[in-house]
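Novice: One structure follows; several queries about it will come next.
The values are calculated or read from the model by the stated rules, or taken from the named source; none is laboratory data. Computed from a predicted structure; not experimentally measured. Because the Cβ atoms are built from the backbone with ideal geometry, glycine has one as well, and the counts that use them run over all protein chains shown. With ligands, DNA and RNA removed, areas are computed over all heavy atoms of the protein, side chains included. Shrake-Rupley method; radii C 1.70, N 1.55, O 1.52, S 1.80 Å.
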Amino acid sequence: WQKVLYERQPFPDNYVDQRFLEELRKNVHARRYRYRAVVFQSGAVVQQLCSVCVFVVTWWYMDAGMLSPQGLFGAALVTSLLGYVLFDAVDGGAGRRESGRTRWADLKSTLVFAAFTYGFSPVLKTLTESISTDTIYAMSALMLLGHLIFFDYGANAAIVSSTLSLNMAIFASVCLASRLPRSLHAFVMVTFAMQIFALWPMLQKKLKARTPRCYVGVTVLFALAALGGLATVSSVGAVLFASLLLAISCLCPYCLIRLQLLKDNIHGPWDEAEIKEDLSRFL
């Protein structure tokens, strides 16, 4: 018997001999993970959860009148300038030279965004007046949840969509900003949302790629800041959020490592044929 179909043999097409299982291979393409590496990669999820937490806590302070829009705008402006300088300092400006984008172009984009947002802030303030507050809160929660689901954590998956994730976060910020007292509050809230949901992840990705130790330190400090802010609003919420962060950063990686030991993928002559040769020249 020969394992070919182009010759006539006195055996049925589905016949196999005793050597069939000799070519059995297990976990050929299985990927082995290290606990520290998985914990490090989970930092992206922790960072985004903390970003949502900081945004919601900030909105709560503004809604309660405990934080002025001028104070938030000043703090956001200072942190944005520091982040801008750090973004270039991390790689010595190599990324800017490769993209060909100048600081003047960045300044113009910032001024245009601020001008349009400030001009349309009265519209944002009255955009959802006909919608009940409960509906606004429900939509904001769903949008922020969608932002976390579709955010680009570095995985190559079909569900990842940075554009959709950012749009959902901005939509949630507009909904929540419409419940603030004045148009200035709405302008500052949307601006802050753009900073924490668009600019902050860009800086974190560069820190993660260039300076991993600095990235870990910033992640820990950011998580502590988010927990501290949430504790001033609800101590129970802070405890639950801390438990969630610990579960994602410590427990889930441990479970992944343990489950990898139980992985049992089999490969053999029954697998579909894979064409490894480059066929682009035939296209």
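Novice: Can you find a residue in the stretch 128-141 that is outside any loop (DSSP other than H, G, I, E, B), out of contact with any helix residue (DSSP H, G or I) (no Cβ under 6 Å at 6 or more places or on another chain) and under 18 Å from residue 196 (Cα atoms)?
Specialist: Let us first name the residues in the stretch 128-141 that are outside any loop (DSSP other than H, G, I, E, B), namely 133-141.
Now drop any that are not out of contact with any helix residue (DSSP H, G or I) (no Cβ under 6 Å at 6 or more places or on another chain), which leaves 133-135, 137-138, 141.
Now narrow it down to the ones that are under 18 Å from residue 196 (Cα atoms): 141.
Yes - at least one qualifying residue is present in the stretch 128-141.
Novice: Just to check your reading of the model, which residue among 51, 68 is at pLDDT 90 or above and more than 30 Å from residue 255 (Cα to Cα)? Don't jump to the end; show me each part of the working.
Specialist: Numbers: 51 fails: more than 30 Å from residue 255 (Cα to Cα).
None of the others qualify; the one that does is 68.
Novice: Right, here's the next one. If you scan the stretch 15-48, which residues turn out to be under 27 Å from residue 197 (Cβ atoms) and free of Cβ contacts under 8 Å to residues at least 40 places away in the same chain? Spell out the reasoning first.
Specialist: So the first thing to find is which residues in the stretch 15-48 are under 27 Å from residue 197 (Cβ atoms), and the list is 37-48.
Across the stretch 15-48, the qualifying residue is only 37.
Novice: Here's something else I'd like to know. In this structure, does residue 105 turn out to be under 25 Å from residue 54 (Cα atoms) and either open to solvent by less than 60 Å² (accessible area, probe 1.4 Å) or touching a Lys or Arg at 6+ places or on another chain (Cβ under 9 Å) (or both)?
Specialist: no
Novice: When the residues of the stretch 124-167 are narrowed to those that are closer than 20 Å to residue 205 by Cβ and in contact with a His (Cβ under 9 Å, 6 or more places away or on another chain), which ends up surrounded by the most Cβ atoms within 10 Å (Cβ to Cβ)?
Specialist: Within the stretch 124-167, the subset closer than 20 Å to residue 205 by Cβ is 147-157, 159-167.
Applying the additional criterion that residues be in contact with a His (Cβ under 9 Å, 6 or more places away or on another chain) yields 164-167.
Working: 164: 15, 165: 21, 166: 19, 167: 16.
Per the criteria, the residue is 165.
Novice: Considering only the stretch 70-95, state which residues are among the charged types (D, E, K, R) and either assigned to a helix (DSSP H, G or I) or surrounded by fewer than 11 Cβ atoms within 10 Å (Cβ to Cβ) (or both). I'd like the intermediate steps shown before the answer.
Specialist: First pass over the stretch 70-95, keeping only residues among the charged types (D, E, K, R): 88, 91.
The answer is 88, and nothing else.
Novice: Just to be sure before I move on: is residue 172 of a type outside the set (Val, Ile, Thr), assigned to a helix (DSSP H, G or I) and touching a residue at least 24 places away in the same chain (Cβ under 8 Å) in the structure I sent?
Specialist: Numbers: of a type outside the set (Val, Ile, Thr): yes; assigned to a helix (DSSP H, G or I): yes; touching a residue at least 24 places away in the same chain (Cβ under 8 Å): yes.
So residue 172 fits the description; yes.
Novice: Would a scan of the stretch 153-165 turn up a residue that is within 24 Å of residue 66 (Cα to Cα), outside any loop (DSSP other than H, G, I, E, B) and not hydroxyl-bearing (Ser, Thr, Tyr)?
Specialist: Going through the stretch 153-165, the residues within 24 Å of residue 66 (Cα to Cα) turn out to be none.
Within the stretch 153-165, not a single residue is within 24 Å of residue 66 (Cα to Cα), outside any loop (DSSP other than H, G, I, E, B) and not hydroxyl-bearing (Ser, Thr, Tyr).
Novice: Exactly one condition in (1) open to solvent by 80 Å² or more (accessible area, probe 1.4 Å); (2) over 26 Å from the mean Cα position of the chain (by Cα) is false for residue 98; which is it?
Specialist: Residue 98 satisfies every listed condition except (2).
Novice: Being open to solvent by 60 Å² or more (accessible area, probe 1.4 Å), in contact (Cβ under 8 Å) with a residue 60 or more places away in the chain, within 14 Å of residue 91 (Cβ to Cβ) and among the hydrophobic types (A, V, I, L, M, F, W, C) is the filter here, so list the residues in the stretch 200-224 that pass it.
Specialist: 202
Novice: From 192, 197, 171, 187, which residue is under 30 Å from residue 132 (Cα atoms), open to solvent by 60 Å² or more (accessible area, probe 1.4 Å) and within 25 Å of the chain's Cα centre (by Cα)? It would help to see each step written out before you state the result.
Specialist: Working: 192 fails: open to solvent by 60 Å² or more (accessible area, probe 1.4 Å); 197 fails: open to solvent by 60 Å² or more (accessible area, probe 1.4 Å); 187 fails: open to solvent by 60 Å² or more (accessible area, probe 1.4 Å).
Result: 171 is the single residue among 192, 197, 171, 187 that is under 30 Å from residue 132 (Cα atoms), open to solvent by 60 Å² or more (accessible area, probe 1.4 Å) and within 25 Å of the chain's Cα centre (by Cα).
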